[in-house]
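Reviewing the structure listed below.
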Amino acid sequence: MFDDREWNEISVVSKKELSFLYKRNGRWQEAVQIWQELVTAMPADYSTISELAKWLEHHARDYLQAKILVQKALNQDNTFSEKEKESLLHRLRRLNDKLKTAL
């Protein structure tokens, strides 16, 4: 059967898929709850960080929390590709601009 590590990987993949299903169906709170859980368990997972940051920026309009999330991800050990890093840096610049104009 599966060992604990394999079960954990299956669980993570299943949670990600479920969160995207919730997102597609407009069930934002359920998707966000999963993203928050996954970010806590896997703080360097690009897709989860990206989705949660997008939701914070565009739906919750909580630019500061989105900025903190992205900065924290970029400042820790991670395995982001260059494209993923650039995407997060682009989001960070946009968030900084939004925070400046909100003052």
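Each stretch of four or more DSSP H residues adds -39500 (n - 2.57); spread over every residue of the chain, this sum gives -26500 deg cm²/dmol at 222 nm. Scanning the chain for trypsin sites (Lys or Arg not before Pro) that sit in a DSSP loop and have at most 15 other Cβ atoms within 10 Å, the longest stretch containing none of them is 62-103. What does the C-alpha gyration tensor say about the overall shape of the chain? Classify as rounded when a/c is under 1.5, otherwise prolate if a/b is larger than b/c, or oblate. Because a/c hits 1.5 or more and a/b fails to exceed b/c, the chain counts as oblate. Under the criterion of Cα pairs below 8 Å and six or more residues apart, the relative contact order for the chain equals 19 percent. Gain on full extension, evaluated as 0.36 nm per residue between residue 14 and residue 44 minus their Cα-Cα distance, stands at 9.0 nm.
Pairs exceeding 22 Å between alpha-carbon atoms, taken from 16/54; 15/54; 15/67; 23/72; 16/100; 54/100: 15/67; 23/72; 16/100.
Every number here is computed from the coordinates shown, using simple stated rules; none is lab data. Model, not experiment: these values are computed from the prediction. We place every Cβ from the backbone using ideal geometry, glycine too, and count neighbours over all the protein chains shown.
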